[in-house]
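Nothing in this text is a laboratory measurement; each read-out follows from the coordinates by a stated rule. Being a predicted model, the structure only gives us computed values, none of them experimental. Note: ideal-geometry Cβ built from the backbone for every residue, glycine included; neighbour counts use all protein chains shown.
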Amino acid sequence: MMENLRHLKDEDVLLLLNDLLEQYGYDFTDYSFASVKRRLQRVYITDRFPSFAEFRYRVKTDPEYLVYLMEQITVNVTEMFRDPGFFQELRKQILPVLATYPLIRIWHAGCSTGEEVYSVAILLHELNLLHKSVIYATDINESVLEKARKGIFPLQYMQQYSQNYQLSGGQQEFSRYYAANYEYAKFSDMLREKIIFAAHNLVTDRSFNEFQLIVCRNVLIYFNKDLQDKVLHLFSESLEQLGFLALGAKETLRFTTVAPLFKPIAHKEKIWRKIAT
Amino acid sequence: MTSLPKLLVIGGSAGSLDVLMQLLPELKPEWPLAVIIVLHRRTDSDTLLSELLSTKTTLSVKDAEEKDILSAGCIYVAPSDYHLLIEPDGSLTLDASEKVHYSRPSIDVTFMSAAEVFGSRLSCLLLSGANVDGAEGLQTVQELGGFTAVQDPDTAEVSFMPRHAINIVKVDKVFRIGEMIAFVKSLNDDNRVV
Ligand SMILES: C[S@@+](CC[C@H](N)C(=O)[O-])C[C@H]1O[C@@H](n2cnc3c(N)ncnc32)[C@H](O)[C@@H]1O
């Protein structure tokens, strides 16, 4: 027989979320409860706490553990050229429009370990636009940003990424963009030069610039409806007129309060354009 | 919680589609029952799968979208490449976190999440497959008062998954195909699944 699983109760989860908010200022209360609960439950079991009280005590008293817990609560899974069709759309339809601007400003919100940002940098490079671009790449999570800054990814994924790259319309030898050793691929400094990695919390932090393209993929699915609306308004404020907003494959503006401010550009690829007012 | 319908979750992997196609015609749209289907499969086959399933049922079949609210008479198919979770208010969450047992969607993830919300108003059925997915989830379902059943491994196209579940969980029922059909027919019967 399997050992009895120990369940965190909904009340336990609410207590923990409240601690994180009161003590550290991290507000997860408007995240998808089921997803947060599942992830806390996993940590609770893997770290073998004898009781919920001990778990809670550790979180309250050990700031290093908090950093780790944050990483565990948020989902950081990402890849290069994830959903190749999306990157094809960027390459063929969206970036050529941005090419007419003297300076291209792009914001990746919730960039995780950076794979998506490096992918866009590659597109910009190939369209000969990188030199006049600034890319802000932000995340709530310091530890993923640290990885993103380094631009070093496990070599074992390169075959998959290279395939994604080709499916997205890439025609170069993908390996030209990184230097490989036995385990890792280190992406070229040339790609990194125009990227600014910085901490930014979508729940609490404000708009910090105006952009022509905001990419926020696979972040909103972890938020409840109210928080989605709030963040979408932040994006709307941070976009220039006629700026583009790109969401993840399962995310939509439909049924949100910002929907009237945007018009869909590429339905399947989840790209909208801010209407001129 | 009284406003939520009862819930049936069916999990399957290799060799489960045929069985599923035999079960679906028995479900009636007027029953106070919502259905979730979690099938392991190649990515990109979503619309095909729900179209195929909808040929076998009068319930409406849809690919689950985030924030959909589970409603009676509806079959929700977990999309490929996302785990499907259920919120306390009966709405759905998609989650692209790490694969579980090499699978996304994972049957365990949905079974467990459904158990947390539906407790004894939940029935879970695990079909044919070559994976260990589902077993741990059934365990949770049982602990939280739900009904657990697996396809009789001897009748399964691939026996590994149901056999694994039987080995680690004392499931409520092991069904041959006919029994499974009878069970589904009885789902509207209030004393079967409360
Ligand atoms: C699944 S990743 C998405 C990565 C990439 N955009 C992609 O689609 O592959 C989600 C990221 O959102 C970040 N995140 C979660 N809550 C956030 C918040 N409140 N503010 C900023 N980033 C957040 C997480 O730390 C995580 O790195």
Residue selected from the stretch A:55-82 under the condition over 20 Å from A:Thr29 (Cα atoms) and exposed (fewer than 13 other Cβ atoms within 10 Å of the Cβ), by the criterion farthest from the chain's Cα centre (by Cα): A:Thr61
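If you scan the stretch A:6-45, which residues turn out to be outside any helix (DSSP H, G or I) and over 24 Å from the mean Cα position of the chain (by Cα)?
A:Arg6, A:His7, A:Leu8, A:Lys9 - these are the residues of the stretch A:6-45 that are outside any helix (DSSP H, G or I) and over 24 Å from the mean Cα position of the chain (by Cα).
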Any chance the stretch A:179-186 includes a residue that's assigned to a helix (DSSP H, G or I) and more than 12 Å from the ligand (Cβ to nearest atom)? no
Qualifying positions in the stretch A:75-92 - within 14 Å of chain B (Cβ to nearest Cβ) and either in contact with a helix residue (DSSP H, G or I) (Cβ under 7 Å, 6 or more places away or on another chain) or away from the ligand (no atom under 12 Å from the Cβ) (or both): A:Val75, A:Asn76, A:Thr78, A:Glu79, A:Arg82, A:Pro84, A:Gly85
Residues (within 27 Å of A:Ala266 (Cα to Cα) and either within 14 Å of chain B (Cβ to nearest Cβ) or more than 12 Å from the ligand (Cβ to nearest atom) (or both)) located in the stretch A:194-206: A:Lys194, A:Ile195
Could we say that A:Leu17 is farther than 22 Å from A:Cys216 by Cβ and surrounded by 16 or more Cβ atoms within 10 Å (Cβ to Cβ) here? yes
Here are some residues: A:Asn209, A:Asn218. Which one is within 15 Å of the ligand (Cβ to nearest atom) and not in a strand (DSSP E or B)? A:Asn218
Exactly one of (1) of a type in the set (Asp, Glu); (2) within 16 Å of the ligand (Cβ to nearest atom); (3) touching a Ser or Thr at 6+ places or on another chain (Cβ under 7 Å) is unmet by B:Glu98. Its number? (3)
Scanning the stretch A:228-250 residue by residue, those under 22 Å from A:Asp205 (Cα atoms) and either within 14 Å of chain B (Cβ to nearest Cβ) or touching a His at 6+ places or on another chain (Cβ under 7 Å) (or both) turn out to be A:Gln228, A:Asp229, A:Leu232, A:Leu247, A:Gly248
Just to verify a result, which residue in the stretch B:49-77, among those that are within 14 Å of chain A (Cβ to nearest Cβ) and aliphatic (A, V, I, L, M), is surrounded by the most Cβ atoms within 10 Å (Cβ to Cβ)? B:Ala64
Only unsatisfied item for B:Glu30, checking (1) among the acidic types (Asp, Glu); (2) within 11 Å of chain A (Cβ to nearest Cβ); (3) outside any helix (DSSP H, G or I), is (2)
Any idea how many residues of the stretch A:98-126 are surrounded by fewer than 19 Cβ atoms within 10 Å (Cβ to Cβ) and either within 14 Å of the ligand (Cβ to nearest atom) or in contact (Cβ under 8 Å) with a residue 24 or more places away in the chain (or both)? 6
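Can you spot a residue in the stretch A:244-264 that is among the charged types (D, E, K, R), in contact (Cβ under 8 Å) with a residue 24 or more places away in the chain and away from the ligand (no atom under 16 Å from the Cβ)?
no
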For the stretch A:64-74, indicate whether the set of residues that are farther than 17 Å from A:Leu245 by Cα and away from the ligand (no atom under 16 Å from the Cβ) is non-empty. yes
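Report whether or not A:Lys132 is closer than 28 Å to A:Ala99 by Cα, surrounded by fewer than 21 Cβ atoms within 10 Å (Cβ to Cβ), touching a Pro at 6+ places or on another chain (Cβ under 8 Å) and of a type in the set (D, E, K, R). Outline the logic, then answer.
On the way: closer than 28 Å to A:Ala99 by Cα: yes; surrounded by fewer than 21 Cβ atoms within 10 Å (Cβ to Cβ): yes; touching a Pro at 6+ places or on another chain (Cβ under 8 Å): yes; of a type in the set (D, E, K, R): yes.
Here the answer is yes, as A:Lys132 does meet what is asked.
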